[in-house]
Structure formats: structure tokens, C-alpha cells
Amino acid sequence: MADSPRLSLHIPEPTRRPGEPPDFSAVRPPLAGGLDRPAVDVEASAIRDLAYGLIRVLDDDGKAVGAWDPHLEPETLRSGLRIMMTTRALDDRMVRAQRQGKITFYAKSAGEEAIAAGQALALRPDDMGFPTYRQQGLLIARGYPVAAMAHQVYSDRSDPMQGRQLPCLYSSRAHGFFTISGNLGTQFSQAVGWAMASALKGDDRIAAAWIGDGATAEADFYEALTFASIYRAPVILNIVNNQWAISSFQGLAGGEETTFAARAIGHGLPALRVDGNDFLAVYAVTAWAVERARSNLGATVIEHFTYRAEGHSTSDDPSRYRPAEEAKGWPLGDPILRLKTHLIALGEWSEEQHTALAAELDALVREAQRGAEAAGPLAQADPTVKAQAMFGDVYAETPWHLREQAKAMGEG
Amino acid sequence: MASMTMVQALNSAMDVMLGRDSDVLVFGEDVGYFGGVFRATEGLQKKYGVTRCFDTPIGEAGIVAVAVGMGAYGLRPVVEIQFADYIYPAYDQIVSEAARLRYRSAGDFIAPLTIRAPYGGGIFGGQTHSQSPEALFTHVAGLVTVIPSNPFDAKGLLISAIESDDPVIFLEPKRLYNGPFDGHHERPVTSWAGHPASEVPLEHYTVPLGSAAVARPGAAVTVLTYGSMVHVALAAALDSGIDAEIIDLRTLVPLDIGTITTSVEKTGRCVIVHEATRTSGFGAELSALVQEHCFYHLEAPIERVAGWDTPYPHAFEWDYFPGPARVAAALRRAMEA
């Protein structure tokens, strides 16, 4: 007893706080193209190193290199760029609307656009997504109208969610986009259930789920991995490690001791860790996991190593807890800029085209915003419309006590 | 028609639904090969195969979550939580997810799942095998909460639950699984054999959700109860000689308010009985509703008989369990007021 040191507890803290220069010494991105691409039927135990590495395709000059280069057609690359730029244009426009007091809340995916865009294009359109609020690119990629997104964000009279959900918590069964929950992590294990159902029915559709680094601490995350592993469910389990969960750095979710991808190893699942700001690498690892799942080889865990370039939401101020220059200095760069550079290097894109596309998308989101503002707030709709929006869909058939309450609301 | 215990009736309901609808599937801890710790799923895996009835790992949140995902796919999962006491890890998936999918997606996604869980005391199960958590679910908008009290209702209600497009919490009074226990623990155990409600059709039938039953007609006082306590209330009426009208609620939400008000307006007196702890129990809601709907018909204060507000104590089963003596005393108080 006397020889034992006094116990002390480790409380993780980021290395830098506001007022200090950013510290990226722990990031150390490896050169692009350095890792092998195993066959999709490889044993999970044979590729454990990929859970600790970082798969990158785009090098610093914007060239695609190495075994993971998916060799995409320029048309696909331009589609990806358009999805990413649409996401950013909508995000910027909606945040401006929030700052003007027109909407209550918004969550951007700035810096993370390559993940939803690259994955949407690697998945089949009828594969089912169980997203968080930073995969709006998936909806955009699948052709969901930007105008409808604005209606949802505005909770206006044309809101497909009838004013019931916080902005950005979209849902569209027709676009394979599961209704987003504000409770983190719940969708991860639900996606496994959807994938199990698809397999039970002998279908050929697979599921994909997303979760943030912070929410990997939730029990749902581990249950998802357990169920996915034991039933070999056809699902892709994506961890978007954007370094920050509101003000908590990824070390507080366990990122100091090991990688998030490595969580898969104890479950016997294959894990890929990818540069999440590299559209080509994201596409490539997703295509690998898609092929594996669709070949009945089960689930893959993918850690997307990225950076949340802005606040958690409009209710957040990151300058209170992280260095102001951290976002700009992120060593893996900006995903849109990197894909643009690549397309230009290929001779398949130009500054003029880029400027024109940005202007086109700005007009598109402004038009969507005008549509939302023209529709008018649902909260000011006719009482009958409001009663239906508020009391409908609680149950398949509205029971007596809700009918009474709807009547009471109408009577004031 | 066959004579069935409640366990057999529940098994028959799942058997019928697995046979009728290829989208129905049954899973949970120990439910597959073994047939469940209470035997409710016995033989189903053998009959329908491992893809229709299978075992899961011990992860209640995961069990409910995959059921939610399967419901989103278009299946109709029936899951067993081995004891209602084990349901708490799944509470977020039930409350924030299953109960809210239809509303938050404006009908785009639904959660047509049935969550079966044995609940209640009388088996010396201690605090983790005896609880009655129904009020945790009746408080949640979007959930249907069902509690049968006999084999016939159990099968008909379970089929209705499985066919419902709403998520249903189906709580099974485990002390009634094999016989109509009336709280007289000092007497020999009775079986369902010979009980009128043990005559159960082999085929498909339903007992509608949201509909109460009059377990015993009477003129003196109304008893609102459900599950095991229906039988305890029947014993209390017999023991006390008070002509109680005993309403078996069967579904707590949505509640059959019409049957309740008709009875209380007739008797002018009301006793509410449940096993669950008293404070914020479902009896509080019932009491408030009776007061709101029947105030000018009431001739006595509403009485509540409930579990004490303590964890369920292992050694003091019969001091805790609201037996026929406590119910009879409440009936007498209601009559004397």
C-alpha cells in the first residue's frame, strides 16, 4: 500500500484552446496512394492495419494515385462536385437566414461534404441511408428538391414534415433517407435492422448508417457493431470523425488512445480509415464496402477522418473552445477545393465553369428560400391545418383523447 | 377451440401470424431454439425456420433498434424483452424512435412493432423480475399499451397488436401465464383449465385494441384494473360480498373511456387497482379522468390500491403485492364514504 503511488485520473483535454495556435502534430497525414487495396472477400483479421492507416487517393497536386484510385469518369467527378457545392450553397444561405431571424436553427456540414457526396454516388440510389444531420448531401445527390429542404428548414406551409421537426432533420422514404433523429446514435443500430430485413427477404439492397465521433460513446454504437457482426448484416457503418462534438474534442470519445475505425476490430469487422476530405478516397472505400456487403460478406466500418469546419450548429460558437485558426489550417484541406483542383488538373474543369456553377447554385438556393418565404409559416396557418399538423400522425388513427385536445387547442 | 394457458394462447397468436403474414418475425433473447424462458415462443423456430424466429444477443436497445429498422423496411417484428424489468436499456429506442417515427416523418416511416414483455409480481422475482412499468409507456405519445388478463384476450389482443401499424407495448402478467392467480397465495395454485377464458380458438381472431371488458357486472362500486389485478379484484368482491363492477381495461392507451364513464355514472363509486407503484402510476391518470368525466356522479372519494412506492422487495412479496385483502378494504372504504 505504502509503495503504491496515489491514483490520479486522466481527464482528456485538447492540446490547444482559443488564443493559441492550432496543433496538428497528431494528424500527420500519410502520402496519398500508400496503402494497398485488398480483395473485398479478405478476412477482416488480415486488414487490421487499415484501421490505423489513412486511405488517401488525391495527392497534394490534385492527382489521383495508388491502388484505391476508383478511376471515375469525369462526369461522375463533376456530379460529386455539384452535390458538394449545392450542399455548401444551401448551408450558407440557410445560416444567413438564421442570422436574420428567419429560421430557428441550422446545422451545416462545411468541410464534410465529400462524405455524403462520395458515398451517395458509390451506393445504389435504392440503398437505404440512416443519416445524421450532416449528410444532407445524400438527399441532394438523390434528387430530393432543394426547394423542399428549404420548406422543411422554414417549417412553412409546404414543409413535408408538417412543422414537427427541427430544421435539417429531413425524411424521405422515396429517396432512401431515414427520418433523422435528434437523439444521437439511435440510427446506427436501426440501419443494422434494416439491413437484416433486406437479407432476410433475399433482397439485394444494402443499408448505410452514419454517426459522429462523439456519439460512438453511445451504447447504440456498440450494439450496432455487435448485431452487424453476428448476423453479417449488409450494412456500411460510417463514423464521421470531424474532431469535435459541440465543444468536446474527439479525445473525449476515445480518440486519444486509438482510432475510431479500430472499434471494429474487437467485433471481427473489417475497418477502413479514410481521408474524409478526399472525394475519390471516400468513393473508393465506400465502393469496396458496398461490393462486400452486396456479396453477402457482411458489414464494414469506415472512419472518415475529417474536420467540422464551422460550429456544431447555429446555436454554437466554436471560438469559445478551439483555436480560431484551426479550421483554416486543417492539414487535409477543403474537400470542394481538392476535387476542383483534381478536375482542373485533368483538364475536365475550369475556373470559369466553377464560378458559373457557384452562381447557378446560389440562384437555386435563393429561389428555394424565396419559395419557403412565400409559403409562409405553418404556425400561422388556418386552425384546421394546424390541428392536423399537430395532432395527426401520433397514431395511425387519432384516438379520442387527441381529438379532444385538438378541439381544446382550437377553442383557445 | 382448445383449452389453453395464457402462454399457449400467446404462442398460438404468434403461430397464427407467422403463418398468415410472411413479413411477421419473432425474435429476442432465448426465444429461438429454446422457445423463451417462459416458453411463449416454443416450437415457432422449428415450424417457421430460423429466419422467422431467432435468438438475439443480450442487448435490449439493439433488439428494439433492429426492430425499428426492420419496420422501416416493411416487416412487422414481434420482439420479446425477457422481463419488463430489462426494458429500460431500450427506452430511448422505444420513446424517441418507435413512438415518434410516424409523427416526425409525417407518415413517411412507421414502426409497426410489437414489444412483448412479461411484467408484474407474485413470483418471488425480486426487484428485477417483478416490476410493472406500464406508466412509463402510457406517458409516451405514440405508443399503444396493452395488458391482457386471460388466455382468450391475450391471443386476440396480441394478434391485434401485431396487425397494428402503431408500436405496441404488450405487457404480459407473468403470474397469470399458467393460471388465474387471484392473490390468495396461501391457497393451492389454480390452472387455467376449466376457466371460461381458457377456451381459445385455434384460428385467427382479434380482440380490438382500445376496448375494455366488464369482467364482473355489478351495481355498488366500479373497479378499474388490468392484468393480474383483475383476478385479485374478483376475489376481493367475492371475499367482501360487495357487488363490484370490475372493468378489465385491457388497453391502457388508447383508453376505453366510454366503458369507464358508463360504469362509474351507474355506481357512483370508483376503486382503482394496479400492481405498479402508486405515485405517478396509471391509477393517477385514471383517477383524474374519472374526476373530470364523472365528478357529479361520484358519491365517494376515488380509492387507489397500488404497489407501495418502494423497489419490489424479494422477501416481502405478499406485503408488497396488493392482494385481495387490501382491495376488499378499499371497496369497503368506498362503500362507507
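Let me check the size of region B:213-336 from its C-alpha atoms; what are the radius of gyration and Dmax in Å?
13.4, 43
Antiparallel DSSP bridges in region B:2-200: what percent, to the nearest 5?
Rounded to the nearest five, the antiparallel share is 10 percent.
What stretch of chain B, leaving out the sites themselves, is the longest with no chymotrypsin sites (Phe, Trp or Tyr not before Pro) in a DSSP loop having at most 15 other Cβ atoms within 10 Å? Write down the numbers at each step before the final one.
On the way: sites that count: B:33, B:34, B:124, B:205, B:308, B:316.
Here the longest segment lacking exposed loop sites spans B:206-307.
Hey, which of these cross-link pairs are over 24 Å Cα-Cα: B:155/B:266; B:47/B:155; A:407/B:155; A:108/A:328; B:46/B:155; A:201/B:46?
B:155/B:266; A:407/B:155
How tilted is helix B:228-240 with respect to the longest principal axis of chain B? Cα atoms for both, answer in degrees (0 to 90, nearest 10).
So the inclination is approximately 20 degrees.
Ordering B:203, A:112, A:310 by how much accessible area each has at a 1.4 Å probe, largest first, what is the list?
B:203, A:310, A:112
Tell me the angle of helix A:279-294 to the major Cα principal axis of chain A, expressed in degrees between 0 and 90 and rounded to the nearest ten.
90
As an exercise, find the ratio Rg/Rh for region A:44-378 from alpha-carbon atoms, using the Kirkwood inverse-distance average for Rh.
Radius of gyration relative to Kirkwood radius: 0.95.
State whether chain B is rounded, prolate or oblate according to the following rule on the C-alpha gyration tensor (a ≥ b ≥ c being the square roots of its eigenvalues): a/c under 1.5 gives rounded; otherwise a/b larger than b/c gives prolate, and the remaining case gives oblate.
Prolate, since a/c reaches 1.5 and a/b exceeds b/c.
Quantify how strongly other chains surround peptide A:176-183 by giving the mean number of their Cβ atoms within 10 Å of each of its Cβ atoms. Can you show the working numbers first?
Details: counts 0, 2, 7, 11, 2, 7, 3, 6.
Partner Cβ neighbours, averaged per residue: 5.
Relative contact order of chain A: what whole-number percent is it, with Cα pairs under 8 angstrom and at least 6 residues apart?
On the way: 781 pairs, mean separation 97.0, N = 412.
About 24 percent, as a whole number.
Summing -39500 (n - 2.57) over the DSSP H runs of n ≥ 4 in chain A and dividing by its residue number, what mean residue ellipticity at 222 nm do you reach, to the nearest 500 deg cm²/dmol?
Details: 12 runs with 156 residues, N = 412.
Calculated from helices alone, the mean residue ellipticity at 222 nm is -12000 deg cm²/dmol.
Please list A:72, B:224 in order of solvent-accessible area, largest first, computed with a 1.4 Å probe with all protein chains present.
A:72, B:224
For region B:69-200, take every pair of Cα atoms, bin their distances at 5 Å starting from 0, and report each bin as a whole percent.
All Cα pairs, binned at 5 Å, distribute as 2, 10, 19, 21, 18, 13, 9, 5, 3, 1, 0 percent.
Between A:200, A:81, A:31, find the one with the highest GNM mean-square fluctuation for chain A; connect C-alpha pairs within less than 10 Å.
Between A:200, A:81, A:31, it is A:200 that shows the largest mean-square fluctuation.
Enumerate the calculated ³J(HN,Hα) couplings along region B:63-79 in order (Karplus 6.51 cos²θ - 1.76 cosθ + 1.60, θ = phi - 60°), each rounded to whole Hz, writing x wherever the residue is Gly or Pro.
Using θ = phi - 60°, the values come out as 4, 5, 4, 5, 5, 4, x, 5, x, 5, 6, x, 8, 10, x, 10, 10 Hz.
Among DSSP beta bridges whose residues both lie in region A:44-378, state the antiparallel percentage, nearest 5.
Of those bridges, close to 20 percent are antiparallel.
Which of A:375, A:345, A:39 moves the most in a Gaussian network model of chain A with Cα springs under 10 Å?
For chain A, modelled as a Gaussian network with Cα springs under 10 Å, the answer is A:39.
Could you report the accessible area of residue B:297 in Å², rounded to 10, computed with a 1.4 Å probe on the protein chains as they sit in the structure?
Accessible area, nearest 10 Å²: 80 Å².
Of all GluC sites (Glu not before Pro) in region B:111-198, which ones are in loop regions per DSSP and have a Cβ with at most 16 other Cβ atoms within 10 Å?
Those that pass, being in a loop and sparsely packed, are B:186.
Would you mind calculating the gained length between residue A:61 and residue A:325 on full extension (0.36 nm times residue separation, minus the Cα-Cα distance), in nm to one decimal?
In short, 92.7 nm is gained.
As an exercise, identify the GluC sites (Glu not before Pro) in region B:285-326 lying in DSSP coil whose Cβ has no more than 15 other Cβ atoms within 10 Å.
B:299
Along the charge dipole of region B:2-200, pointing to its positive end and built from +1/-1 on Cβ of Lys, Arg, Asp and Glu, which listed residue (B:158, B:140, B:3) has its Cα farthest out?
Checked the options; the winner is B:3.
Restricting to the protein assembly as shown, what percent of DSSP beta bridges are antiparallel, rounded to 5?
Here the share of antiparallel DSSP bridges comes out near 20 percent.
Once you sort the root eigenvalues of the Cα gyration tensor of region B:128-169 as a ≥ b ≥ c, which label holds: rounded (a/c under 1.5), prolate (a/b larger than b/c) or oblate (the other case)?
In terms of gyration-tensor shape, oblate.
Expressed as an acute angle from 0 to 90° and rounded to the nearest 10, what is the orientation of the C-alpha long axis of helix B:6-20 relative to the principal long axis of chain B?
Roughly 40 degrees between the two axes.
Could you work out the helix-only [θ] at 222 nm for chain B, with each DSSP H run of four or more residues adding -39,500 (n - 2.57) and the total divided by the number of residues, to the nearest 500 deg cm²/dmol? Walk me through the numbers on the way to the answer.
Details: 11 runs with 110 residues, N = 337.
-9500 deg cm²/dmol, from helical runs alone.
Put A:121, A:272, A:7 in order of accessible area, largest first, 1.4 Å probe: what do you get?
Working: A:121 55, A:272 0, A:7 170 Å².
Of A:121, A:272, A:7, the descending order of accessible area is A:7, A:121, A:272.
Tell me the relative contact order for region B:213-336 as a rounded percent, counting alpha carbon contacts under 8 Å between residues six or more apart.
Relative contact order for region B:213-336 comes out at 30 percent.
Using just the C-alpha positions of the protein assembly as shown as equal point scatterers, what log10 of I(q)/I(0) does the Debye formula give at each q in 0.09 1/Å?
Ignoring solvent entirely, the Cα scatterers give -0.87.
I'd like the distance between the alpha-carbon centres of region B:186-250 and region A:190-253, rounded to an integer number of Å.
46
Looking at chain B as a GNM with Cα springs under 10 Å, which of B:244, B:67, B:315 has the largest mean-square fluctuation?
Judging by the Gaussian network model, the answer is B:315.
If you take the square roots of the eigenvalues of the alpha-carbon gyration tensor of region A:83-221 and sort them as a ≥ b ≥ c, do you get rounded (a/c under 1.5), prolate (a/b over b/c) or oblate?
prolate
The values are calculated or read from the model by the stated rules, or taken from the named source; none is laboratory data. Computed from a prediction, not measured in an experiment: that's the story for all the values here. Using ideal geometry, Cβ is built from the backbone for each residue, glycine included, and neighbour counts are taken over all protein chains shown. The protein model used for the area step is the full one, side chains on, heavy atoms only, and it has no ligands, DNA or RNA in it. Shrake-Rupley method; radii C 1.70, N 1.55, O 1.52, S 1.80 Å.
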